[in-house]
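For reference, the structure is listed below as structure tokens.
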Amino acid sequence: MDAFGRVDRQFGRKLTVDLPNNGGRSTAAFYFINGRVVSLLATVLPANGDYDTPEPARFIDSISFYTVRAPDNAIELPPPN
């Protein structure tokens, strides 16, 4: 699957790919925000076997770019060096 993703008026791409050699299924989202690429990736491995589970999509869709939506105890991670 390859589709447009949209979160908080930010557009990006959402992809779902079956991995080779029965390696599982990965779902990813990519957004270009303030000069940076934000990527999220969730993979369901064959050991779990339920490729239709909604958890990877829930993880990918849980991102928010507005700080007002963050919980009071949220931690802002520093950018990698």
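Give the residue that is surrounded by the most Cβ atoms within 10 Å (Cβ to Cβ), with candidates limited to residues of the stretch 59-81 that are within 16 Å of the chain's Cα centre (by Cα) and not in a loop (DSSP other than H, G, I, E, B).
Of everything passing the filter in the stretch 59-81, 60 is surrounded by the most Cβ atoms within 10 Å (Cβ to Cβ).
So in the stretch 21-38, with the set limited to residues that are open to solvent by 70 Å² or more (accessible area, probe 1.4 Å) and either touching a strand residue (DSSP E or B) at 6+ places or on another chain (Cβ under 9 Å) or under 18 Å from residue 56 (Cβ atoms) (or both), which one is modelled with the lowest pLDDT?
22
When you scan the stretch 33-58, how many residues do you find that are within 21 Å of residue 10 (Cα to Cα) and either of a type in the set (Asp, Glu) or over 16 Å from the mean Cα position of the chain (by Cα) (or both)? Give the steps one after another, and end with the answer.
Taking the stretch 33-58 first, the residues within 21 Å of residue 10 (Cα to Cα) are 33-42, 56-58.
Still in the list and also either of a type in the set (Asp, Glu) or over 16 Å from the mean Cα position of the chain (by Cα) (or both): 34-35.
Looking only at that region, the number is 2.
Find the residue count for the stretch 39-58, including only residues that are open to solvent by less than 80 Å² (accessible area, probe 1.4 Å) and either assigned to a strand (DSSP E or B) or at pLDDT 85 or above (or both).
5
Find the residue count for the stretch 1-20, including only residues that are in a loop (DSSP other than H, G, I, E, B), open to solvent by 90 Å² or more (accessible area, probe 1.4 Å) and either hydrophobic (A, V, I, L, M, F, W, C) or in contact with a helix residue (DSSP H, G or I) (Cβ under 9 Å, 6 or more places away or on another chain) (or both). Don't jump to the end; show me each part of the working.
Step one: list which residues in the stretch 1-20 are in a loop (DSSP other than H, G, I, E, B), which gives 1, 8-9, 19.
Then keep just the ones that are open to solvent by 90 Å² or more (accessible area, probe 1.4 Å); that gives 1, 9.
Going one step further and asking which of them are either hydrophobic (A, V, I, L, M, F, W, C) or in contact with a helix residue (DSSP H, G or I) (Cβ under 9 Å, 6 or more places away or on another chain) (or both), we end up with 1.
Result for the stretch 1-20: 1.
Is it the case that residue 18 is modelled with pLDDT of 85 or more, charged (D, E, K, R) and over 23 Å from residue 80 (Cα atoms)?
Details: modelled with pLDDT of 85 or more: yes; charged (D, E, K, R): yes; over 23 Å from residue 80 (Cα atoms): yes.
It is true that residue 18 is modelled with pLDDT of 85 or more, charged (D, E, K, R) and over 23 Å from residue 80 (Cα atoms).
The values are calculated or read from the model by the stated rules, or taken from the named source; none is laboratory data. Nothing here was measured: the structure is a model prediction, and the numbers come from that model. Neighbour counts run over all protein chains shown; Cβ positions are idealised from the backbone, glycine included. In case anyone asks, the SASA skips ligands and DNA or RNA and just uses the protein heavy atoms, side chains included. Shrake-Rupley method; radii C 1.70, N 1.55, O 1.52, S 1.80 Å.
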